[in-house]
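The values are calculated or read from the model by the stated rules, or taken from the named source; none is laboratory data. As the structure is a computational prediction, the values presented were derived from the model and not from experiment. Remember, those area values only see protein heavy atoms, side chains included, never the ligands or the DNA or RNA. Shrake-Rupley method; radii C 1.70, N 1.55, O 1.52, S 1.80 Å.
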Amino acid sequence: MTIPPVDLTHMATREEDFSGRGVPGGVANVSLARLPLSRNDPIDDDLADQRPYLLPGQLGPPYPEELREDRPDGLVVVRFVIDTLGRVEVPSLNVVVATNPLFAASVRAVLDRLRFLPASQAGRPVRVRMEQRFEFHLAAP
């Protein structure tokens, strides 16, 4: 039995190309949305060899003054890109969930100052897309 030649000039660019159909026991576990389109495009943080993490000793977003009297708990989930130096690319910021717009504003105000250990792939720093959760709580007086 001979193996037919492989056409390396054809690049898989459709979701169906990763389906595993036609391959006995084939399983697809790749989403094109998660793959970089070029060498400089960000990858999802869980695809990196070393995922980014928030460096210690930084102040997170403050509890909004306007909400202190009622003291509600808050949650903000944001998605953004971290560059190869560990900085947030602010234009990439997308608020996924915010229990109050004032909590989201507090996160936006500090995000560009937060520093992360950059992600790496094959020993080189890479840009990554990540999701970060911020919780807001005030202790009872």
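Some notes on this structure:
- Selection from region 55-75 of residues that are small (G, A, S) and over 15 Å from S106 (Cα atoms): G57
- Within region 114-138, the residues that satisfy the criterion of being open to solvent by 80 Å² or more (accessible area, probe 1.4 Å) and more than 17 Å from the chain's Cα centre (by Cα) are A122, R124, E135, H137.
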